[in-house]
Amino acid sequence: MTLNAELRAFYEARQQQIPAEIRDIMQRAGQELADSGRAEHALTVGDRAPRFTLPTATGRHLALDDLLAEGPVVLTFYRGAWCPYCNIALRALQQHHDAITARGAHLVAVSPQIADESLTLTEKHGLAFDVLSDLGSDTAQQYGLAFDLPDDLAAVYDKLGFDLQRVNGGHPRTLPLPATYVIDRDGTIRWAFVNTDYTARAEPVDIITALDTLD
């Protein structure tokens, strides 16, 4: 089963468990985000990847420049450990991590959550790649991915107990669009996946194919 087939199956099962009024809020917010054109304004193939230095789950600081000095980088943005779709996607990336590193690439994941949440996520799924904390979503903003939740959806997330005020370090409303980039050693984006739909993610096999096309 592909990653997106797994995500779709989870979504369909999940919909039956969510009250209709909450589904309506989620679907309306998703449609408004899609209609905003934000995905089309995100960085894409041919753009230069903005540089960043962010803390890892274990408190180190990791710089994109340092990673690029060693090889290409697969950079993926996700919403947080509270998002079940993100968990499924990160597990899928872990399953393909050896294939990614075999091509000389580094895989790093970025979310707006605090380092403690990233550490818990890393340990839960046995992630072998670095999970970085982009508090305030400054890096996501540079990539054109950051957006603010509408009031009604933010209230729903509060009701569901996601506690984004805490896990996002005081920035509860700002999240990144799901996105994955393959960046070559020169710092140029050579492959990109950006989607306003958080239930859709980059297929690991497509990422690997993109790495195989690098010079």
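Within region 11-29, restricting attention to residues that are open to solvent by 30 Å² or more (accessible area, probe 1.4 Å) and small (Gly, Ala, Ser), the residue that is farthest from the chain's Cα centre (by Cα) is Ala20.
Taking the condition at pLDDT 95 or above and out of contact with any Ser or Thr (no Cβ under 9 Å at 6 or more places or on another chain), does Asp184 pass? Spell out the reasoning first.
Values: at pLDDT 95 or above: yes; out of contact with any Ser or Thr (no Cβ under 9 Å at 6 or more places or on another chain): yes.
Answer is yes for this residue.
For region 42-57, the count of residues that are out of contact with any Leu (no Cβ under 8 Å at 6 or more places or on another chain), farther than 27 Å from Leu149 by Cα and open to solvent by 70 Å² or more (accessible area, probe 1.4 Å) is at least one. Hey, among the residues in region 133-153 that are hydrophobic (A, V, I, L, M, F, W, C) and touching a Pro at 6+ places or on another chain (Cβ under 7 Å), which one's nearest to Arg60 (Cα to Cα)? Across region 133-153, the extreme among qualifying residues is Leu135.
Checked against (1) of a type outside the set (D, E, K, R); (2) part of a helix (DSSP H, G or I); (3) exposed (fewer than 15 other Cβ atoms within 10 Å of the Cβ); (4) touching a residue at least 12 places away in the same chain (Cβ under 8 Å), Ala39 passes all but a single condition, namely (3). Taking each residue of region 146-157 that is of a type in the set (D, E, K, R) and looking for partners that are modelled with pLDDT under 95 with beta-carbon atoms closer than 8 Å, six or more apart or interchain, yields Asp148/Arg173.
Looking at region 23-43, is at least one residue on the phi < 0 side of the Ramachandran plot and in contact with a Lys or Arg (Cβ under 8 Å, 6 or more places away or on another chain)? Checked against the condition, which is being on the phi < 0 side of the Ramachandran plot and in contact with a Lys or Arg (Cβ under 8 Å, 6 or more places away or on another chain), region 23-43 yields no hits at all. Step by step: first the residues of region 51-69, then only those that are of a type in the set (Val, Ile, Thr) and outside any loop (DSSP other than H, G, I, E, B), then the one that is farthest from Leu3 (Cα to Cα). Which residue is that? Taking the candidates together, the pick is Thr53. Considering the conditions (1) without any contact (Cβ under 8 Å) to a residue 60 or more places away in the chain; (2) in contact with a His (Cβ under 9 Å, 6 or more places away or on another chain), Leu54 is excluded by exactly one of them, (1). Sub-6 Å Cβ pairs linking a first residue in region 160-176 that is without any contact (Cβ under 8 Å) to a residue 60 or more places away in the chain to a second residue that is in a loop (DSSP other than H, G, I, E, B), at least 6 apart or interchain, are Gln165/Pro172; Gly169/Ile114; Arg173/Leu149, ordered by first then second residue. Every condition in (1) within 14 Å of Phe129 (Cβ to Cβ); (2) of a type outside the set (Asp, Glu); (3) assigned to a loop (DSSP other than H, G, I, E, B) is met by Gln113 except one, and the failing one is (1). Flag: Asp66 does not match the condition of being in contact with a strand residue (DSSP E or B) (Cβ under 6 Å, 6 or more places away or on another chain), more than 23 Å from Pro172 (Cβ to Cβ) and open to solvent by 10 Å² or more (accessible area, probe 1.4 Å).
A quick yes/no check of all residues on (1) modelled with pLDDT of 95 or more; (2) within 22 Å of Leu211 (Cα to Cα); (3) part of a loop (DSSP other than H, G, I, E, B):
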| residue | (1), (2), (3) |
| --- | --- |
| Gly71 | yes, yes, yes |
| Thr76 | yes, yes, no |
| Ala81 | no, no, yes |
| Ala89 | yes, yes, no |
| Ala109 | yes, yes, no |
| Leu119 | no, no, no |
| Lys124 | no, no, no |
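The values are calculated or read from the model by the stated rules, or taken from the named source; none is laboratory data. Since we're looking at a predicted model, the values are computed, not measured. Don't worry about glycine lacking a Cβ; one is built from the backbone with ideal geometry, like all the others, and counts go over all protein chains shown. Areas reflect the complete protein model, heavy atoms only, side chains present, ligands, DNA and RNA absent. Shrake-Rupley method; radii C 1.70, N 1.55, O 1.52, S 1.80 Å.
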